[in-house]
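The structure under discussion appears below in the form of structure tokens.
The values are calculated or read from the model by the stated rules, or taken from the named source; none is laboratory data. Everything quoted here is computed from the prediction, not taken from an experiment. Cβ placement follows ideal geometry from the backbone for every residue including glycine, while neighbour counts extend to all protein chains displayed.
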Amino acid sequence: WYCTAWHQNKDIKPDIYMSKTILIVGAGGQIGTELIPHMQQLYGEDHVIAAELRPQVCEKLSEKVRVECLNALDARAYASVIKKYRPDWIFNLVAVLSATGEKDPQTAWHVNMGALLNSLELAREYKCGVFTPSSIGAFGSNTPSNGTPQDTVMRPNTIYGVCKVSGELLSDYYYSRFGVDTRSVRFPGIISHGTLPGGGTTDYAVEIFYAAVKGESYTCPIPHNSYMDMMYMPDALQACSGLIEADPSRLKHRNSFNITAMSFCPRELYEVIRRRVPDFKMTYRVDPVKQAIADSWPDYMDDACAREEWGWNPVWDIDAMADDMLRNLKVKLLK
Ligand code: AKB
């Protein structure tokens, strides 16, 4: 795979990476802040543009990347950014996540679908591709939860999930009706030590590490035996670049591919951390909203189609991830 070859020898940079411009919209969040350097490494610093709503976050990002302060719901402002940079790919990362979405479903729909529709319309007009993450949240309680198939029942119980399924359908529609190159993955919970996630059901799997490193105990909002798919950030970044560089003639699916790297419940993650931080303590105060969401999501997905169609191949398991999280958070929080 080109990516792997290039990561092994930084001097050999294949031509496919050289000529593309990538616009990351919603760039200040958990994924965006790490996708920026990943894409800069692949495509060159001048070929990555970040767009973000919050002015303070824009200012911080501007130390590392060219930034446009943009409300992706403002179609005219969004169009002027597209006209200025003429990107080859838009990464639309604007999202109100699952738990926050339940507090204000109307806003979640407005933001999630508004940003997607604007991205798709601009991609149609200015001829670029659109990558929008979908999620395990696209599934619901009547989806088979063990080995969840690629093509299966999708009747989610959350507004976040309703947006994700609608977004998958809309993106496939823009591909078949208008020829827009839309591609997407169903991300599981993403674990990282950079920017914190905000408002998700899987956030516990990040928060727990911060508590362990700070020497605090952690109160877990998810039941001890609730399994969900998870992934360490470096694998998530490989998924983003791997899918946009995939040979389109091999893609039988587009929006969206199941991908996973590990599945665990809070009790198992606690045990993994406690083997490394023996004094660490965890208690439970289950949040009924998060519990209902977690119960409705898969225990683990079958990601065979992503493996076959574009070579998806995650490398981080729970032990390697825990070692790396603890090492990096010690540097970040205890220096
Ligand atoms: C959430 O928990 O809402 C997200 C997701 C799995 O899509 N992390």
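Criterion applied to 25, 67 was being within 22 Å of residue 163 (Cβ to Cβ) and modelled with pLDDT of 95 or more, and the one residue passing it is 25. Only residues that are in a loop (DSSP other than H, G, I, E, B), within 16 Å of the ligand (Cβ to nearest atom) and among the acidic types (Asp, Glu): list them for region 65-112, please. 104 - this is the single residue of region 65-112 that is in a loop (DSSP other than H, G, I, E, B), within 16 Å of the ligand (Cβ to nearest atom) and among the acidic types (Asp, Glu).
Within region 153-180, the residues that satisfy the criterion of being at negative phi, surrounded by fewer than 21 Cβ atoms within 10 Å (Cβ to Cβ) and more than 16 Å from the ligand (Cβ to nearest atom) are 153, 155, 169, 170, 172, 173, 175, 176, 177, 178.
Checking 142, 112 one by one, the residue that is of a type outside the set (Gly, Ala, Ser) and within 16 Å of residue 91 (Cα to Cα) is 112 and no other.
For a quick check of your reading of the model, give me the residue pairs whose first member lies in region 192-215 and is under 15 Å from residue 98 (Cα atoms), whose second is among the acidic types (Asp, Glu) and within 14 Å of the ligand (Cβ to nearest atom), with beta-carbon atoms closer than 6 Å and at least 6 apart or on different chains. Close Cβ pairs (under 6 Å, with a partner that is among the acidic types (Asp, Glu) and within 14 Å of the ligand (Cβ to nearest atom)) amount to 197/203. Could you tell me whether region 194-216 includes any residue that is of a type outside the set (Phe, Trp, Tyr), closer than 19 Å to residue 120 by Cβ and within 16 Å of the ligand (Cβ to nearest atom)? Checking region 194-216: not a single residue is of a type outside the set (Phe, Trp, Tyr), closer than 19 Å to residue 120 by Cβ and within 16 Å of the ligand (Cβ to nearest atom).
A quick yes/no check of all residues on (1) more than 16 Å from the ligand (Cβ to nearest atom); (2) assigned to a helix (DSSP H, G or I); (3) farther than 23 Å from residue 183 by Cα:
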| position | (1), (2), (3) |
| --- | --- |
| 263 | no, no, yes |
| 267 | yes, yes, yes |
| 283 | yes, no, yes |
| 286 | no, no, yes |
| 294 | no, yes, yes |
| 305 | yes, yes, no |
| 312 | yes, no, no |
